[in-house]
1. Would you give the gap between the C-alpha center of segment 37-95 and the C-alpha center of segment 237-293, rounded to a whole Å?
2. Share of antiparallel DSSP beta bridges in segment 15-144, in percent to the nearest 5?
3. Please work out how many pairs of lysine residues in the chain are eight or more positions apart (or on different chains) and have Cα atoms closer than 15 angstrom.
4. How big is segment 186-311 by the Kirkwood estimate over distinct Cα pairs, in Å?
5. For 308, 92, what's the fewest-to-most ordering of other Cβ within 10 Å of each Cβ?
6. What ranking do 140, 134, 240 get, fewest neighbouring Cβ atoms within 10 angstrom at the top?
7. Nearest 5 is fine: what % of DSSP beta bridges in the chain come out antiparallel, could you say?
8. Which of the helices in the chain meet the span-like rule: DSSP H, Cα axial reach of 15 Å or more, Kyte-Doolittle mean at least 0.0?
Amino acid sequence: MRLNIDELSRSNRNRFTSVRLDRLVERRDDRPWLEQALQADDAHLVPLWRSRSLLSRGDDGTIAVYLHANELSGQELIQPPTLLGTDYKRTYFAVSITDRQRDAILADRPGAEFADLRLASIDMDAKHAGILAYAKALHYWQHRHQFCGVCGSANLLQSAGHRLECSNEECARATFPRIDPAIIVLVTHQDSCLLGRNPRWPAKRFSTLAGFVEPGESLEDAVVREVFEESGVQLGKIQYVSSQPWPFPASSMCGFYAEALSKECGPSDELEEVRWFTISELESAVRKSEVLLSPPVSIAFQLLADWYRKQGGGDLAALCRQFQLRR
Ligand SMILES: [Zn+2]
């Protein structure tokens with residue numbers, strides 16, 4: 001079976017994509033508009049406390065909890081709110097929260113908590129998981145670049161949170177949000193796929209191979225190098241599949257399929273075990289809990305699940321829900 005969808009459609013299926021927001025780039029330097037938008041009834045604030053997102057768990061899953069600007073009015077903010085964009089019903093801003101503000105927010109919302117988005121997003125609505133991921137990525141960048149990399153002076157937030165500018169007027173260096181490109185690849189050979197096990201992962205976890213793109217490399221160069229370094233496998237054809245924002249802490253995951261020239265492989269410094277699986281071997285390993293796969297919110301799982309379905313193996317996510325603990 002061939003999935004007849006293009007790269008954009010495939011990427012939009014990946015968790016944490018937030019293309020549904022109009023990012024309002026043209027408004028980022030429009031201060032009167034920003035002040036008005038922040039006070040409007042449709043303004044929704046995404047609070048972040050120590051890189052954690054405000055969530056509430058209920059019978060229907062995990063939901064994102066937003067604040068209204070008047071909840072923080074008159075209080076000193078760590079930084080000005082960051083404009084995320086609009087869905088034409090609400091305008092979203094991200095805001096960093098102090099310990100005291102956190103306590104007040106939680107006191108007003110029994111059952112809510114500041115939690116790790118990666119774990120909590122498994123049963124979240126895709127749109128709101130994407131908005132929270134977008135906010136988290138900007139928050140991380142803003143807090144990791146508080147000082148100019150050239151002269152060491154303090155950086156100031158500009159452009160509604162999307163640009164940092166050195167406060168030293170003689171320097172005035174601008175810094176823009178940073179993301180680290182990483183490749184992630186499902187390697188196949190005939191009817192088998194290659195999964196590896198990093199010793200730092202939870203017990204029995206096997207996943208697709210992945211690594212950061214290095215300076216001077218194309219994405220495809222990085223696929224070839226990483227797969228060979230991690231498994232000794234040499235690749236033939238490489239095909240781009242889809243991408244995923246991955247703000248844990250600051251990656252952009254670029255997903256590929258690649259065909260191995262042979263099944264010759266071995267462990268490496270990074271992977272203590274690499275194994276080939278046919279769909280029936282993978283199904284059996286999942287049923288017996290010999291193998292625990294990556295969480296379904298990851299592109300690693302999506303690449304594998306699509307291959308599994310195309311090979312005639314059915315719904316891998318349903319199989320994992322039935323036989324593996326949710327993690
Ligand atoms: Zn500077």
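Here, each number is a calculation from the coordinates, and none is a lab measurement. No experiment lies behind these values; they were computed from the predicted model shown. Note that we place each Cβ from the backbone using ideal geometry, even for glycine, and neighbour counts take in every protein chain shown.
1. Centre-to-centre distance over Cα atoms comes out at 36 Å.
2. Details: 16 of 23 bridges.
Around 70 percent of the beta bridges assigned by DSSP in segment 15-144 are antiparallel ones.
3. Working: 89/127; 127/136; 204/288; 237/263.
Step by step, the pairs that qualify in the chain add up to 4.
4. Numbers: mean 1/r = 0.0676 Å⁻¹.
Result for segment 186-311 stands at 14.8 Å.
5. Working: 308 23, 92 26.
So the residues, fewest neighbours to most, are 308, 92.
6. Details: 140 19, 134 23, 240 15.
By the 10 Å Cβ count, ascending, the order reads 240, 140, 134.
7. Details: 45 of 62 bridges.
Bridges in the chain are about 75 percent antiparallel.
8. Numbers: long enough: 126-144 (27 Å, -0.43); 219-231 (18 Å, -0.14); 299-310 (16 Å, 0.07).
Qualifying helices: 299-310.
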